[in-house]
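Notes to accompany the following structure.
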Amino acid sequence: MTTTPAEFGFTAWGAEIVRLAEPLSTRTPNPLAPRARSIARNGGVTLTVDGRHVEGLVQRGGEASVAHLEFSAMTSTTAVVLRDLLGSSAEPSDEVHRRLKESGAWSPAVLDVTDCSCRARGDRCLHILAGLYAVAAAVDRQPSLALELRDFRAATDDSPTDSGTCSPGSRWVSLTAFDVADYYEITTASEHDD
Ligand SMILES: [Zn+2]
C-alpha cells in the first residue's frame, strides 16, 4: 500500500475543509469524492467568496450547477485568541493552528448551510463536494481565507464608537482600505520593475 501526499488539505487549515468533505465519522468513503476531487483539480469550480458564504459554480460538459456553502462563524473569544497568536502575520501557519487547538478556543469549521441547484437532494452532492475541495485548495494556497470564512474580521471588529468616524458601513470602509493598501503595494512594486 502506498501513501500519496495530501493533494487537498496539505495545510492544517485546508485539512479542516477536507474533513467537511470526508467526515471521520463516515466509515465508507463517499463514492462521489474521486470525481469531485478531479473536478476541483482541473479547475472545474469557480468560487465566489463573500464572508462566510461561498458559491461554487461547477461546470461539467454543458451543465452548470451552483453549490452554496455557508461556514459557521467563530466566536469573539476564539477571535481574540487567534489575533494574539497571529501577531503581525497576515497568513496563519500550521503552528498557529496547532496552538489555537491547544488553547481549547478553537472549534473546527462547520457548515451552517449546504445547498445546490442540482436535482440530487442531500447535503453532499457532487457539486457541494467539488466546491469543498476547491475551497480546501484555495485555503491551502492562502490560509487566511479559512479565517475569512469564519468571519474573523467581523469577530475582531472592536466597534470604535469613540473614534467619531463610526457609521453603519464602517466594516465595509475597513475592507476598502485594505484593498487599496494591497493595490498600492502592487503598483509600487511594478514601478521598481521598470
Ligand atoms: Zn449538486
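The values are calculated or read from the model by the stated rules, or taken from the named source; none is laboratory data. It should be emphasised that the depicted structure is a prediction, and the values quoted were computed from it without experimental measurement. Every residue, glycine among them, receives a Cβ derived from its backbone with ideal geometry; neighbour counts consider all protein chains shown. The area values use the complete protein model at the heavy-atom level, side chains included, leaving out ligands, DNA and RNA. Shrake-Rupley method; radii C 1.70, N 1.55, O 1.52, S 1.80 Å.
What tally of residues in segment 94-133 results from selecting those that are among the charged types (D, E, K, R), in contact with a Ser or Thr (Cβ under 8 Å, 6 or more places away or on another chain) and modelled with pLDDT under 95?
Looking only at segment 94-133, we keep the residues that are among the charged types (D, E, K, R), and these are 94-95, 98-99, 101-102, 112, 115, 119, 121, 123-124.
Subset that is in contact with a Ser or Thr (Cβ under 8 Å, 6 or more places away or on another chain): 94, 112, 123-124.
Remaining after also requiring modelled with pLDDT under 95: 112, 123-124.
Matching residues across segment 94-133 total 3.
Can you find a residue that is part of a helix (DSSP H, G or I), open to solvent by 80 Å² or more (accessible area, probe 1.4 Å) and assigned by TED's automatic domain parsing to the domain that holds residue 149 anywhere in segment 48-59?
No - not one qualifying residue is present in segment 48-59.
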Top-ranked residue in segment 115-130 [being more than 21 Å from the chain's Cα centre (by Cα) and near the ligand (Cβ under 6 Å from one of its atoms); ranked as least open to solvent (accessible area, probe 1.4 Å)]: 118
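Being open to solvent by less than 90 Å² (accessible area, probe 1.4 Å) and free of Cβ contacts under 8 Å to residues at least 40 places away in the same chain is true for just one of 75, 26. Which residue is that?
Values: 75 fails: free of Cβ contacts under 8 Å to residues at least 40 places away in the same chain.
None of the others qualify; the one that does is 26.
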Within segment 93-152, residues being under 23 Å from residue 46 (Cβ atoms) and not in a helix (DSSP H, G or I) number 20
Members of segment 88-99 that are more than 15 Å from residue 14 (Cβ to Cβ) and open to solvent by less than 60 Å² (accessible area, probe 1.4 Å): 89
